[in-house]
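Where a number appears in this text, it was derived from the coordinates with a stated rule and is not lab data. Every value quoted in this text rests on a predicted model; they were computed, and no experiment measured them. Every residue, glycine as well, gets a Cβ built from its backbone with ideal geometry; the counts of neighbours run over all protein chains shown.
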Amino acid sequence: MPQVKEITVNSLDTKEFIREKASEISSVVGKGVAINALSGGVDSSAVTMLGHKALGDRLKTYFIDNGIMREGEPQQIASVFKKLGVNVEIVDAQDEFFTALKGITDPEEKREAITQTFYKKVFGNLVKQSGAKYLLQGTILTDIDETVAGIKRQHNVFEQLGIDPQEAFGYKIIEPLVQLRKDGVRKVAEDLGLPASIFNRMPFPGPALSARVIGEATRERISLVRQATSILEQELASVRAFQYMAILHNDRVTGMRNNKREFGQQIEIRCWDSIDARKATPTRLDFAILEKLANRVLTEVPGVVSVTYNIASKPPSTMEAV
Ligand code: XMP
């Protein structure tokens, strides 16, 4: 297994990096076509810009609407890129993902179902339709570290697990960001002309909201955690934290509404301080902020009777729940 050589943020020359990677992409793809999936996160956004710099219209960029993204996310991201002259096609793959997730409660099985649906089914079809031989993706060094260490199967890591994408899915994968960590990617993204809303964007996992639903990720349960996420992102927008998230628990607890017993849902809030996601500590949020957040979740998200704030650190916790 080839060792990846890290480029630390301090030793990174962004202009040189961009020149080098764009020229590598051009020479690997040659006169062919490549595709990439944009999620709007800083990694896939940087890859999209880098790929368009190298290949122009010969890179086809898709936003896979897997049904587990946040409120309005596919349209918002497509419109940001339209302003930058990059056409993003939104592909509705909601049914495929919910079918694959049906009945799955185990975290790693859930991640595996998403990986297979993404890479085999959805990208497999897109590759066939577009005639592409290459998929460009924004895997970074931390994804590889944690997957190889067996902590959490990141959705986008193959080679290091002994999986040959050409054999498994029928196309090759190019990973121009694999020597960087998040802080380095942010600098590259800024230099590529992306707006601050993207290069400073909070990380969001590949398995999206399904990483924040403990137990089965059904349409209904995703919708519930999506509503809690919207409230959380509004209320914590001004907090300087690495990442925050709402998690839907599998267990119900007894609550009461309108003087009646309600055996209801539980939402857990996590808000993390971290440099590079390898270690993290809970943000010391002001209690007034937590109270307002909890009140909104309890009144606006149907069926929720309990809101908790997690004060564990990573390790032993991980940042996402699943
Ligand atoms: P964990 O939960 O592993 O999260 O402590 C560390 C960071 O990685 C993000 N994360 C993912 N990102 N694909 C990704 O691209 C994934 O499968 C994945 N799982 C977790 C997480 O949001 C956090 O920023």
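Would you mind computing, in nm to one decimal, how far apart the modelled labels at Ala149 and Gln166 are, each placed 7 Å from Cα along Cα→Cβ?
Using points 7 Å along Cα→Cβ, the separation is 3.2 nm.
If we count every other residue with Cβ under 9 angstrom of Gly206's Cβ, Lys/Arg +1 and Asp/Glu -1, where does the sum land? Don't skip to the end; give the middle numbers.
Numbers: positive: Arg111; negative: Asp143.
The answer is 0.
How big is the shadow of the Cα convex hull of the chain, averaged over all directions, in nm²? Intermediate results must be reported in sequence, preceding the final value.
Working: hull surface 65.9 nm².
Computing the convex hull of the Cα atoms and averaging its projections yields 16.5 nm².
Sorting Met319, Met256, Met49 on the 10 Å Cβ count, fewest up front, what's the list?
Working: Met319 18, Met256 10, Met49 23.
The order, fewest Cβ neighbours first, is Met256, Met319, Met49.
Just to be sure I understand the model, the point goes 7 Å from the Cα along the line to the Cβ. What's the resulting Asp92 to Tyr309 distance in nm?
Between Asp92 and Tyr309, the simple spin-label model gives 4.1 nm.
Hey, rough spin-label estimate for Glu20 and Lys292, points 7 angstrom out along Cα→Cβ, what's it come to in nanometres?
Rounded to a tenth, the inter-label distance reads 4.6 nm.
Determine, for each peptide in 192-200, 205-213, the mean count of other beta carbons within 10 angstrom over its residues, then list the peptides with the highest first.
Numbers: 192-200: 16.1, 205-213: 25.4.
Most protected by this proxy first, the peptides run 205-213, 192-200.
Order these by the 10 Å Cβ neighbour count, fewest first: Ser45, Ser223.
Ascending Cβ contact count within 10 Å gives the list Ser223, Ser45.
Looking at the chain, send over the antiparallel percent of its DSSP beta bridges, to the nearest 5.
Values: 14 of 35 bridges.
Antiparallel bridges: around 40 percent, rounded to the nearest 5.
For every other residue with a beta carbon closer than 10 angstrom to the beta carbon of Lys152, add +1 if it is Lys or Arg and -1 if Asp or Glu, then tell me the sum. Mind showing how you got there, number by number?
On the way: positive: Arg111, Arg153; negative: Glu108, Asp143, Glu146, Glu320.
Residues near Lys152 contribute -2 overall.
May I ask you to derive the relative contact order of segment 1-134, considering only C-alpha pairs under 8 Å and at least 6 residues apart, and to give it as an integer percent?
Values: 124 pairs, mean separation 31.5, N = 134.
Over segment 1-134, the number comes to 24 percent.
Rounded, prolate or oblate: pick one for segment 14-199, where a ≥ b ≥ c are the square roots of the eigenvalues of its C-alpha gyration tensor, a/c under 1.5 means rounded, and failing that, prolate if a/b is larger than b/c, else oblate. It would help to have the intermediate numbers written out before the result.
Working: a/c = 1.37, a/b = 1.28, b/c = 1.07.
Taking the square roots of the gyration eigenvalues as a ≥ b ≥ c, segment 14-199 is rounded.
Using the 10 angstrom Cβ neighbour count as an exposure proxy, how do His52, His249 rank, fewest first?
Details: His52 23, His249 17.
Least to most surrounded, the residues fall as His249, His52.
Find out how many positive minus negative residues lie around Asp13, taking Lys and Arg as positive, Asp and Glu as negative, among other residues whose Cβ is under 14 Å from that of Asp13.
0
Among Val148, Val225, Val47, whose mean-square fluctuation peaks in a Gaussian network model of the chain (Cα, cutoff 10 Å)?
Top of the fluctuation ranking is Val148.
So if I take the centroid of the Cα atoms in segment 127-149 and the same for segment 175-202, what is the distance between those two points in Å?
Using only Cα atoms, the two centres lie 16 Å from each other.
How high is the relative contact order of segment 104-258, given as a whole-number percent (alpha carbon pairs under 8 Å, six or more residues apart)?
Numbers: 148 pairs, mean separation 35.4, N = 155.
Contact order relative to length: 23 percent.
Would you check segment 105-173 for Lys pairs whose C-alpha atoms are within less than 14 Å, ignoring same-chain pairs closer than 8 in sequence, and give me the count?
6
Can you bin segment 203-258 into rounded, prolate or oblate? Criterion: square roots of the alpha carbon gyration tensor eigenvalues sorted a ≥ b ≥ c, rounded for a/c under 1.5, prolate for a/b above b/c, oblate for the rest.
Details: a/c = 2.24, a/b = 1.29, b/c = 1.73.
Because a/c hits 1.5 or more and a/b fails to exceed b/c, segment 203-258 counts as oblate.
Given R₀ = 22 Å, what would the calculated FRET efficiency be for Glu216 paired with Val253, taking r from the Cβ atoms and rounding to 0.05? If you can, show how the numbers build up before the last one.
Numbers: r = 18 Å, r/R0 = 0.83.
Efficiency, rounded to the nearest 0.05: 0.75.
Could you tell me the distance between the Cα centroids of segment 282-322 and segment 66-113, to the nearest Å?
Taking the Cα centre of each part, segment 282-322 and segment 66-113 sit 24 Å apart.
Okay, helix-only estimate at 222 nm for the chain: each DSSP H run of n ≥ 4 adds -39500 (n - 2.57), divide by all residues, round to 500 deg cm²/dmol; what do you get? Can you show the working numbers first?
Numbers: 12 runs with 125 residues, N = 322.
So the helix-based figure for the chain works out to -11500 deg cm²/dmol.
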